[in-house]
Structures are given as structure tokens and as C-alpha cells.
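A short write-up of the structure that comes next.
The values are calculated or read from the model by the stated rules, or taken from the named source; none is laboratory data. Just so we're clear, the structure is a prediction, and the values are computed from it rather than from any experiment. Cβ: placed from backbone, ideal geometry, glycine included. Neighbour counts: every protein chain shown.
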Amino acid sequence: MFLDGFRLDRLIFQVKYKHALALWDRAGALGSQILDIWPGIELHTGNPQAQSFKMLDVHVEHALTAGTVTLWNLPSIDQRKTVQLKNTLDAWKTELKLEEAQQVSLRILYAKDFESLKEANGYLVGLNLTAWPTEKVFGQPQDSDRNGPEISFRFEDPSSFAVLRIKAEQVTYDLKLDHSYIDTSSVNKRVQNRVAVDFDRGSLKVKLADFRFEDWLKGCLHVLRRDIDKVVKVRAR
């Protein structure tokens, strides 16, 4: 299976809705629920329009038109995280008096690490998902490390969508360390070269009273693993 060589990097769960003016009245009660659902999380920003909460590897925010949970560094999407996501949705639904969501979506990012960006792009070109030129084009050098395709597949109907994007990328992480304890001049930025698989699946005009979150989440994860090999195939050149 194509994804067997990738690690789960990030999960983003989002609900979009029409202006939830109840946020102005219920921000405190909603925030208290978020603190209970995600032990260790802390208020990051709070104003009448939006609140955000952060801790290591978790970011929760809700505003007048959308609520989002972002999870990083997941070894897997286990039952505990599933329940926390469901409880967060229930808190939004109750405190913001939501009956219908314009969109409920799950975005999952997988990554495969490489020694260099050129190697990552070479891997992606080697999948032969698109015709790659064998000669110089557009006046650009042929041997640049940054040369590589970005592939996007979109499948959509009036009630749902699924988007699959694949690209090579170089990500730089800044290490923010206290220079009073560590000589930061000897610490380098961490650079990660990788191929990223970005899968975004959503349902539109969702009646939240009938929405079965756990079944929907399992369905999103299932169809990705079931069907990605039908879309991404290593074809002989």
C-alpha cells in the first residue's frame, strides 16, 4: 500500500457554519469545556470574535464562522483522540446553538522523509503521475533541486468532496531556546525534506443532530487507505 511508507504528520478537523452570534454570550462556558476535553491545554488568545487554545501538539480554535482542531505528531488516530474530537464538536454544537454546518471536513497529512529536496522530488517524479519533461523548458535549469511536480486530484459533488494533493517540500523549523541556558549560536535550524500527501475530505450542508461523528471519521480514514492506490500508482516509464 502506498501510504505504508509514510508517517502520519497532522490532522485538521474543521466545522464551518453561519455566523454563530451565540459565541458572544457563551465564550466562557465553551472555553471551560475545551479545557476539560483537552487536559493541559491553555487559553492562547481570547476576544469577542474568536478564542484559541494551545498546548504541545494540539491547537483548538473557534470563531464566528468556523471551529478547528489541529493535531500534530500523531502515531495514530486512537479512540481517545476520536472521543476528544467528538466532544469538541458536541461543545461547539451545544454552546454555539448549531443546527447545520455548511461544511464538516477532515484534512490528513502524511509525510515521507528524504535526505535532500532533490531526492524527494526525484521520488515524486519517479511515480510517473504526470508527464515530466526530459529537456530544458521555460528557460529554467534542468538540474535544480527544486524541480518537481505538485499533483492535485479533486472529486466533488453537491454534498461532498475529496481532494488529494502530493508534493515535495522543504520545511524549516526554528528552535526557540532560552539563550541564558543554551548557547544558541551552536544550534542550527532543523530542515526537513519530504514528500507530503495531503488528503482533504468534507461533507456539505450537514444536519448536526443526525451527524454520527465517529462513523464519519472512520469512513474518511477508510476510504483514503482503500482508494489511494487506485489514484497513485507507480507506473512503468
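Somewhere in region 87-106, is a residue under 27 Å from D229 (Cα atoms) and charged (D, E, K, R)? The answer is no; no qualifying residue exists. Among the residues of region 6-13, none qualifies, meaning not one is surrounded by fewer than 16 Cβ atoms within 10 Å (Cβ to Cβ) and not in a strand (DSSP E or B).
Taking residues in region 82-96 that are in contact (Cβ under 8 Å) with a residue 40 or more places away in the chain, and partners anywhere that are basic (K, R) and part of a helix (DSSP H, G or I), the pairs with Cβ atoms closer than 9 Å and at least 6 places apart or on different chains are T82/K218; E95/R26; L96/R26.
Screening E95 against (1) more than 30 Å from L30 (Cβ to Cβ); (2) in contact with a Lys or Arg (Cβ under 6 Å, 6 or more places away or on another chain) leaves a single unmet condition, (1).
Of all the numbered requirements in (1) surrounded by 12 or more Cβ atoms within 10 Å (Cβ to Cβ); (2) modelled with pLDDT of 95 or more, G40 misses one, and that requirement is (1).
A Cβ distance below 8 Å, combined with a sequence gap of six or more or placement on separate chains, defines the contacts here; from region 121-134, residues that are among the β-branched types (V, I, T) reach residues that are surrounded by 12 or more Cβ atoms within 10 Å (Cβ to Cβ) and outside any loop (DSSP other than H, G, I, E, B) in the pairs T130/I151. Here S76 passes the criteria (1) at pLDDT 95 or above; (2) touching a strand residue (DSSP E or B) at 6+ places or on another chain (Cβ under 9 Å); (3) assigned to a loop (DSSP other than H, G, I, E, B) except the one numbered (1). When region 185-237 is filtered for residues that are exposed (fewer than 13 other Cβ atoms within 10 Å of the Cβ), under 26 Å from D78 (Cα atoms), basic (K, R) and modelled with pLDDT of 95 or more, the ones remaining, listed by number, are K207, R212. Being over 30 Å from E169 (Cβ atoms) and more than 21 Å from the chain's Cα centre (by Cα) holds for only one residue in A101, A27, and it is A27.
Taking the listed residues S152, S144, the one that is at negative phi, hydroxyl-bearing (S, T, Y) and part of a strand (DSSP E or B) is S152, with no other qualifying. For region 114-127, a residue qualifies if it is assigned to a loop (DSSP other than H, G, I, E, B) and closer than 13 Å to K167 by Cα, and exactly one does: L127.
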